[in-house]
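The values are calculated or read from the model by the stated rules, or taken from the named source; none is laboratory data. Bear in mind that the values here come from a model prediction, so they are computed numbers and not experimental data. As a convention, Cβ positions derive from the backbone with ideal geometry for all residues, glycine included, and neighbour counts pool all protein chains shown. In case anyone asks, the SASA skips ligands and DNA or RNA and just uses the protein heavy atoms, side chains included. Shrake-Rupley method; radii C 1.70, N 1.55, O 1.52, S 1.80 Å.
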Amino acid sequence: MKLSIRRVLTLFAAILFALATGMTAAHAVTDFSNAPQGAHYANGAGEPVCTVDGTTVTCTATVIVGVGNTNATVVLAVTSTISGVCHNPGVNSKVVEPFSESVTETSSSFLTSTKNGRLNVPAQTTTGVSTADFLEDFTCPNPNWTPEVTSNVLSYRYSLTFAGFTEPAILITG
């Protein structure tokens, strides 16, 4: 199978766009068996899409109809898992203590269904913890040691759960 230069360049451009805009591989599941019978996305609406820009996650709005008088809660949790090491001072600065901490920031909204069983789900945005913000509050076990962050991995969980149901009707993780 021969790939044309045009196809290769198009694929390369798509990958660069995904990296530049902070897009991540997200796993999304809509399961309306965890919703009032008859629930479905309104015409022109669909599953929310979540994007990452730095440490901020934004998930788009949507509209679900056929929910009757059932309310719902939408939650967006962003977790920053920060790892690094503490160095002792001196000419031969040595790593003396590794660390790894997870910090979760959460936003949530209680959604009330409107007349005619319509649920307007607003966009959700939550910002995780940046490396700079983490270092403002973090201290090594010995105050003479200096912390160095080696990674800050961001993950998120978006869920929409209807009142009276234990599992989410919409779950997006990334």
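Brief remarks follow.
- Only protein heavy atoms count here; on that basis, with a 1.4 Å probe, Asp53 has an accessible area of about 120 Å².
- Listed residues Asn116, His87, Gly54: farthest to the positive end of the dipole of the chain (Cβ charges): Asn116
- When the Cα positions of Leu160, Pro147, Ala39 are compared along the charge dipole of the chain, Ala39 comes out farthest toward the positive end, with charges on each C-beta of Lys, Arg, Asp and Glu.
- Our summary gives the chain a relative contact order of 29 percent, counting only alpha carbon pairs under 8 angstrom and 6 or more residues apart.
- Relative contact order %, segment 62-131, counting alpha carbon pairs below 8 Å whose residues are six or more apart: 46
- Stokes-Einstein D in µm²/s, Kirkwood radius over Cα pairs - segment 23-70 at 37 °C with 0.692 mPa s viscosity: 266
- Contour minus Cα-Cα distance for Thr166 and Ser100 (0.36 nm per residue): 20.6 nm
- Computed from Cα atoms, the angle from the helix 5-20 axis to the main principal axis of the chain rounds to 80 degrees.
- Net dipole in debye of the chain [+1 Lys, Arg Cβ; -1 Asp, Glu Cβ; about Cα centre; nearest 20]: 840
- Projecting the Cα positions of Thr131, Val63, Ser102 onto the charge dipole of the chain (unit charges on Cβ atoms of Lys, Arg, Asp and Glu, taken about the Cα centre) puts Val63 furthest along the positive direction.
- The chain - Debye-derived log10 I(q)/I(0), Cα point model, q = 0.12, 0.16, 0.17 Å⁻¹: -0.71, -0.94, -0.99
- Solvent-accessible area, 1.4 Å probe, carbon plus sulfur percent, for the chain: 56
- Solvent exposure of the chain, expressed per residue, is 60 Å² of accessible area, with all protein chains present and a 1.4 angstrom probe.
- Taking one quarter of the surface of the C-alpha convex hull of segment 50-126 gives a mean projected area of 6.7 nm².
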